[in-house]
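Enquirer: First the structure, then my questions, so here it is.
Please treat every number below as a calculation from the coordinates, not as lab data. Given the structure is predicted, the values throughout are model-derived calculations rather than measurements. For neighbour counting, all protein chains shown are included, and Cβ atoms are generated from backbone atoms with ideal geometry for every residue, glycine included.
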2 protein chains.
Amino acid sequence: MFENRLKKRNIRPTAMRLIVLKELYESEVAMSLSELELKLENSDKATLYRTLKKFEENQLIHSIDDGSGSIKYALCDEGCTCDSKDQHVHFHCEKCLSTYCITNIGIPQLTLPKGFISNSANLVFKGICLSCS
Amino acid sequence: MFENRLKKRNIRPTAMRLIVLKELYESEVAMSLSELELKLENSDKATLYRTLKKFEENQLIHSIDDGSGSIKYALCDEGCTCDSKDQHVHFHCEKCLSTYCITNIGIPQLTLPKGFISNSANLVFKGICLSCS
DNA sequence: CTGATTTTGCAATCTGGTTGCATTAAATTT
DNA sequence: AAATTTAATGCAACCAGATTGCAAAATCAG
């Protein structure tokens, strides 16, 4: 249940937050702030913005920079702690502009040049998604 | 010589373009539009913008979305055709905010779920760079 | 040199992201 | 349950980066 999911992450379950969580839950693809704003009637951009920030801080959702210019958000898996083990590949469809979490593919470890220490990474594949092909 | 490098890519070698190319050539790290604007006295943002667009279209430079909010640009290697074989990893330093091309590390090929066809990818590692560590 | 084409510079606009602040809602205390 | 404290919301305003229209200037071809 949504209320519980918020409480588990120490987020006060207000009406707005429940709506946003439900919306993200029901979406197969990651959503941007403006997409949420469009989808949810009489919602306020600033409220949505702060809602997403809070959700992200408390590791209920993660943000994805898919290169489209606007940041997308998607629900984390239940036990997610948003550290490197939880990071996964994303796919951005150049036709429908949807962005998918490929949760079962992690980011490969690569040996960087001496002196470069990495603690996170962003890997986005671009092309044509299942629905558009 | 810079003029030749432009001509080879079918870009008319104007004064401004030579200056921008020189600046990118001399920079060890990728540069954003606003960084260029700051660095180059009495330069115009719109001109720089269109210069970078033209350079990118004609495959003289490539753009990097490092997640910092502004797109960075870096010179391509001489024979670059900007297809998947030329794509490489980038590194974004969270301390000095510099972004480096790691030209000798390509993007790993991963098997995506059925129906997802990728033709390009963006892989950015974040952490602390050589100069900052 | 002259006309055609491209580039430049300036101002203006757009979009996504972000903040200040007063109001409202929720949680806590009495 | 009322009072008090604390957090969330809604509105307007702002900001930065990206982008465009347009007239003036520079470049190129004949």
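Enquirer: Please report, in debye to the nearest 20, how large the charge dipole of the protein assembly as shown is about its Cα centre when each Lys and Arg carries +1 at its beta carbon and each Asp and Glu carries -1 there.
Expert: Computed about the Cα centre, the dipole is about 60 debye.
Enquirer: Placing the label point 7 Å from Cα along the Cα-to-Cβ direction, what are the distances from A:Cys132 to the equivalent spots in the other copies, shortest first, in nm to one decimal?
Expert: Copy-to-copy label distances for A:Cys132: 3.3 nm.
Enquirer: Quick check on the protein assembly as shown: take the gyration tensor over C-alpha atoms, sort the square-rooted eigenvalues as a ≥ b ≥ c, and tell me if it's rounded (a/c under 1.5), prolate or oblate.
Expert: prolate
Enquirer: What pairs in A:Lys45/A:Lys85; A:Lys45/A:Lys72; A:Lys45/B:Lys126; B:Lys39/B:Lys85 have C-alpha atoms more than 26 Å from each other? Before the final figure, lay out each step's value.
Expert: Details: A:Lys45/A:Lys85 32 Å; A:Lys45/A:Lys72 15 Å; A:Lys45/B:Lys126 29 Å; B:Lys39/B:Lys85 32 Å.
Pairs exceeding the cut-off: A:Lys45/A:Lys85; A:Lys45/B:Lys126; B:Lys39/B:Lys85.
Enquirer: Shortest first and in nm to one decimal, what separations exist between B:Leu97 and its copies in the other chains, measuring from label points 7 Å along the Cα-to-beta-carbon line?
Expert: Here the equivalent label points are 2.8 nm apart from this one.
Enquirer: Further, regarding this structure: Take every DSSP beta bridge whose two residues both sit in chain B, then give the antiparallel share in percent to the nearest 5.
Expert: Within chain B, antiparallel bridges account for around 75 percent of the total.
Enquirer: Another question, then. Based on Cα positions only, what radius of gyration and what Dmax would you give for chain A, in angstroms?
Expert: Every Cα atom of chain A included, Rg and Dmax give 15.7, 52 Å.
Enquirer: Cβ under 13 Å from A:Ser70's Cβ, A:Ser70 left aside: what net charge do those residues give with Lys, Arg +1 and Asp, Glu -1?
Expert: The answer is -3.
Enquirer: Could you give, in nm with one decimal, how far B:Arg12 is from each other copy of that position, shortest first, with labels 7 Å out from Cα toward Cβ?
Expert: For B:Arg12, the inter-copy label distances come out at 6.2 nm.
Enquirer: Could you tell me whether the range A:46-91 comes out rounded, prolate or oblate from its Cα gyration tensor? Rule is a ≥ b ≥ c as square roots of the eigenvalues, rounded for a/c under 1.5, then prolate if a/b exceeds b/c, otherwise oblate.
Expert: Judged from the Cα gyration tensor, the range A:46-91 comes out oblate (a/c at least 1.5, b/c at or above a/b).
Enquirer: B:Glu23: net charge of surrounding residues, Cβ under 10 Å, Lys/Arg +1, Asp/Glu -1, itself excluded?
Expert: Taking every Cβ under 10 Å from that of B:Glu23, the sum is 0.
Enquirer: Could you tell me which chymotrypsin sites (Phe, Trp or Tyr not before Pro) in the range B:34-133 are loop residues by DSSP with no more than 16 other beta carbons within 10 angstrom of their beta carbon?
Expert: none
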